[in-house]
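These notes concern the structure reproduced below.
The values are calculated or read from the model by the stated rules, or taken from the named source; none is laboratory data. Bear in mind that the values here come from a model prediction, so they are computed numbers and not experimental data. Because the Cβ atoms are built from the backbone with ideal geometry, glycine has one as well, and the counts that use them run over all protein chains shown. Remember, those area values only see protein heavy atoms, side chains included, never the ligands or the DNA or RNA. Shrake-Rupley method; radii C 1.70, N 1.55, O 1.52, S 1.80 Å.
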Amino acid sequence: QKEVEQNSGPLSVPEGAIASLNCTYSDRGSQSFFWYRQYSGKSPELIMSIYSNGDKEDGRFTAQLNKASQYVSLLIRDSQPSDSATYLCAVNTGNQFYFGTGTSLTVIP
Amino acid sequence: SAVISQKPSRDICQRGTSLTIQCQVDSQVTMMFWYRQQPGQSLTLIATANQGSEATYESGFVIDKFPISRPNLTFSTLTVSNMSPEDSSIYLCSVEDLRRNTEAFFGQGTRLTVV
């Protein structure tokens with residue numbers, strides 16, 4: 001079992017819609033959770049971090065964490081073509097970062 | 001967040017040669033890591049660069065192939081030795097400062113092609 005699992009996609013949404021990205025993790029002791037955005041040919045860019053159960057909102061992005069279900073999600077509201085990228089879920093267990101394989105998102109104008 | 005400068009940004013190298021990649025951070029950080037990302041794949045941790053001591057390598061990666069230095073809290077190098085075409089990949093430096101938070105930030109990456 002992988003430490004962090006994501007649907008690889010591709011996920012396509014029309015411009016203005018909500019994009020929903022999901023991630024599960026295996027280590028119950030994980031404390032820190034992150035979403036990175038990676039444009040093709042570029043390095044990952046941190047867009048959200050979440051540390052406690054519930055929702056955390058930052059602009060059009062909302063991260064959701066449910067530690068009981070070992071589940072992290074990212075919602076992107078009012079999706080824009082510039083949001084088209086691969087989104088990596090990452091978990092810090094305290095000893096190491098683990099990254100998911102990423103979900104490719106395409107926002108269709 | 002820390003500003004990370006990684007160079008070279010890209011290189012094309014002959015098989016059998018070695019390339020050293022540099023990672024410079026604008027502030028002292030506790031943790032520095034080296035990752036590899038092959039086309040269409042996620043990140044694979046190569047090693048944790050330890051300041052003043054030998055790096056900690058992940059399974060499948062060895063010091064002879066990927067020697068790492070970290071002479072201080074702001075700088076590290078990764079060398080890819082005796083390269084083969086299978087080493088063609090993007091190599092990424094990442095830093096984490098445990099004194100501030102547990103977020104990790106990445107350098108711009110080095111795109112390596114071995115011919």
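What residue, of B:Thr56, B:Thr102, B:Thr30, B:Thr17, is in contact (Cβ under 8 Å) with a residue 12 or more places away in the chain and within 14 Å of chain A (Cβ to nearest Cβ)?
B:Thr30
Could you check the stretch B:33-53 and list, in sequence order, the residues that are within 14 Å of chain A (Cβ to nearest Cβ) and either of a type in the set (S, T, N, Q) or over 15 Å from the mean Cα position of the chain (by Cα) (or both)? Spell out the reasoning first.
The first filter runs over the stretch B:33-53 and keeps only residues within 14 Å of chain A (Cβ to nearest Cβ), leaving B:33-50.
Scanning the stretch B:33-53 gives B:Gln37, B:Gln38, B:Pro39, B:Gly40, B:Gln41, B:Ser42, B:Thr44, B:Thr48, B:Asn50.
Scanning the stretch B:1-30 for residues that are among the hydroxyl-bearing types (Ser, Thr, Tyr) and open to solvent by 50 Å² or more (accessible area, probe 1.4 Å), which turns out nearest to the chain's Cα centre (by Cα)?
If we take residues in the stretch B:1-30 being among the hydroxyl-bearing types (Ser, Thr, Tyr) and open to solvent by 50 Å² or more (accessible area, probe 1.4 Å), then B:Thr20 is nearest to the chain's Cα centre (by Cα).
Residues that are open to solvent by 40 Å² or more (accessible area, probe 1.4 Å): list the strands (runs of 3 or more DSSP E) wholly contained in the stretch A:1-55 that include at least 3 such residues. Spell out the reasoning first.
Working: elements: A:4-6, A:11-14, A:19-25, A:32-38, A:45-50.
Per the criteria, A:11-14, A:19-25.
Answer with yes or no whether B:Ser27 is hydroxyl-bearing (Ser, Thr, Tyr) and in a loop (DSSP other than H, G, I, E, B). Explain how you work it out, then say what you get.
Working: hydroxyl-bearing (Ser, Thr, Tyr): yes; in a loop (DSSP other than H, G, I, E, B): yes.
Yes, satisfied.
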